[in-house]
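See below for the structure under consideration.
Each value in this text was obtained by applying a stated rule to the coordinates, not by laboratory testing. Every value quoted in this text rests on a predicted model; they were computed, and no experiment measured them. Quick reminder, even Gly has a Cβ in these numbers, built from the backbone with ideal geometry, and neighbours come from all protein chains shown.
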Amino acid sequence: MDKLTLLSQSIQDREEYKDVQKLYASLCKNLREYNDVKIKLWEQGVEENTEEKLNKYLIYREETPLAAEGFVRVNFDPVLVRLLREVKYLLLLDIEVPERASLLYKKVDVYRSQTGNLEIIVNMYNDILATLLQVEKPLLADRIEKMNLALQRGVSELKWNSSGIDEFINKARAYVSVVDELVKKMKDNVRKMQDMMGKWEQPLFERKNKCVPPEDLEQTHQSLVAPKLEDIRTHGKEIHKMMKDTAENIKPDKKSAT
């Protein structure tokens with residue numbers, strides 16, 4: 001239409017031009033009305049969904065066959081994620097949003113930080129439960145229990161509209177990180193032990209292609225066995241050091257069967 005308005009007056013006086021003007025005005029009006037209806041519907045959804053979704057607990061626990069305690073998940077509703085994204089784009093388009101949506105968007109960085117930190121915490125927690133073997137869990141039973149207690153406020157007390165969320169996140173992350181480091185230490189030591197013992201998986205006897213006298217066979221055999229025994233002795237000392245290192249970190253009751 002901007003281009004058409006530059007045409008000569010004689011053309012603008014034509015009926016076809018006036019029909020185009022009317023069609024253009026009608027189309028613009030329809031588009032505006034369509035936008036207004038959609039924005040009104042969106043605003044109703046904001047009022048209906050926001051408070052309800054913010055009234056959910058920070059995290060929830062799910063039952064899984066892998067862990068009796070159940071994995072945990074961050075409980076920030078996808079509807080809120082979508083809502084925050086929509087407010088961002090509406091503001092970029094200079095479209096006024098309801099006060100409720102505006103207040104929510106002012107905390108977008110807070111929610112992003114909180115959900116990001118909680119994701120780190122629950123990922124560490126779930127990884128601990130998933131990777132610990134049944135024979136390892138009793139060694140860390142007291143720590144797992146304390147870790148569950150550290151997360152419990154987020155499961156049954158704190159909601160997204162509660163105060164004290166950042167304090168809870170900092171304490172929970174500090175404790176879960178300690179257990180995570182401990183589990184990684186255990187697993188790393190076991191992995192190193194397995195690598196060492198894997199080097200022993202070589203035949204202790206070598207078959208020759210031709211017959212040899214017993215004394216020659218014995219000499220050849222000893223030349224293979226002796227260095228292998230020395231390797232096992234050396235690696236054995238390293239394994240004992242790593243076992244001691246694990247025990248010093250876990251501090252288990254050395255007299256218990258566990």
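For this structure, a couple of remarks:
- Per the conditions (1) surrounded by 13 or more Cβ atoms within 10 Å (Cβ to Cβ); (2) free of Cβ contacts under 8 Å to residues at least 24 places away in the same chain; (3) under 30 Å from LYS56 (Cβ atoms), the sole criterion not satisfied by THR220 is (3).
- Flag: ILE11 matches the condition of being in a helix (DSSP H, G or I) and of a type outside the set (Ser, Thr, Tyr).
- Residue list for the stretch 85-95, filter: surrounded by 10 or more Cβ atoms within 10 Å (Cβ to Cβ) and over 27 Å from the mean Cα position of the chain (by Cα): LEU90, LEU91, ILE95
- Matching residues in the stretch 13-50 - criterion: being acidic (Asp, Glu) and either in contact (Cβ under 8 Å) with a residue 24 or more places away in the chain or touching a strand residue (DSSP E or B) at 6+ places or on another chain (Cβ under 9 Å) (or both): GLU43, GLU47
- Any hit, the stretch 129-151, residues being hydroxyl-bearing (Ser, Thr, Tyr) and in contact with a helix residue (DSSP H, G or I) (Cβ under 9 Å, 6 or more places away or on another chain): yes
- Taken together, the residues in the stretch 12-53 that are more than 30 Å from TRP160 (Cβ to Cβ), surrounded by 11 or more Cβ atoms within 10 Å (Cβ to Cβ) and not small (Gly, Ala, Ser) amount to 9.
- When restricted to residues that are assigned to a loop (DSSP other than H, G, I, E, B) and surrounded by 15 or more Cβ atoms within 10 Å (Cβ to Cβ), the stretch 152-196 contains 3.
- Residue check, ILE121 surrounded by 11 or more Cβ atoms within 10 Å (Cβ to Cβ) and touching a Lys or Arg at 6+ places or on another chain (Cβ under 6 Å): yes
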